[in-house]
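Input: a single structure, listed below in C-alpha cells.
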Amino acid sequence: NSTADIKKVEEICGVMAENFLQSELGKQVQSAVWKKEEFEFKSRFGEKILSGIIDLVFESVDGSFTVVDYKTNQEIHPEIYYSQLACYRQAVSQMLSVPEEKIRCFLYYLRFGKAVEISPENLKLSDI
C-alpha cells in the first residue's frame, strides 16, 4: 500500500467517525453518564459460554443502556445480526445487572451513516 492509499483510508475513516458523532446516536453517546468502547464480555447462554467484544455500550441519564455494533457492510441487512445482538444484550444485562428491557440495541452502518435499532422481538436467543 502506498502512503497516498493509507492517507485516503484514514480520511474516509475520519469522515465516518465524524458522521457518527453528528448522528442522533452519536449525540446520545456524547451525553452518556457512562460509556465503554470495546466492552469485553463472557456470558452463559444456555449450556454454552460465549465471549466477545461489544463495540460500544453506554448508559443514558435516564438509566437505560444502549449497545452499538458498528458495521462496514456494503448493504444494510440487519436481520443477519439479530442473534449476535441478542447475545450482546443478554451479556450486558448479566454483567451490569440491568434488566434486558432497559437495553436498546443498534447497528450503525458506517458507510451509510445510518443507525438501525433492533426491536426487542427480534432479539431472541433461539439460534444459539
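The values are calculated or read from the model by the stated rules, or taken from the named source; none is laboratory data. Quantities reported herein were computed from a predicted structural model and do not represent experimental measurements. We place every Cβ from the backbone using ideal geometry, glycine too, and count neighbours over all the protein chains shown. Heavy atoms of the whole protein, side chains included, go into the accessibility calculation; ligands, DNA and RNA do not. Shrake-Rupley method; radii C 1.70, N 1.55, O 1.52, S 1.80 Å.
A few points about this structure:
- Computed from the C-beta positions of D62 and A4 and an R0 of 35 Å, the FRET efficiency is 0.15 to the nearest 0.05.
- Under the Karplus curve 6.51 cos²θ - 1.76 cosθ + 1.60, θ = phi - 60°, whole-Hz ³J(HN,Hα) for region 3-8, x wherever Gly or Pro sits: 4, 5, 5, 4, 4, 4
- Computed extension gain for Q30 through V15, at 0.36 nm per residue and net of the alpha carbon distance, reaches 3.7 nm.
- Calculated diffusion of the chain, Stokes-Einstein form, Kirkwood radius summed over Cα pairs, 4 °C and 1.567 mPa s, µm²/s: 83 µm²/s
- When the solvent-accessible area of the chain is split by element, carbon and sulfur atoms take up 49 percent of it, the probe being 1.4 Å.
- Gained length - S97 relative to F112, 0.36 nm times residue gap less alpha-carbon distance: 2.1 nm
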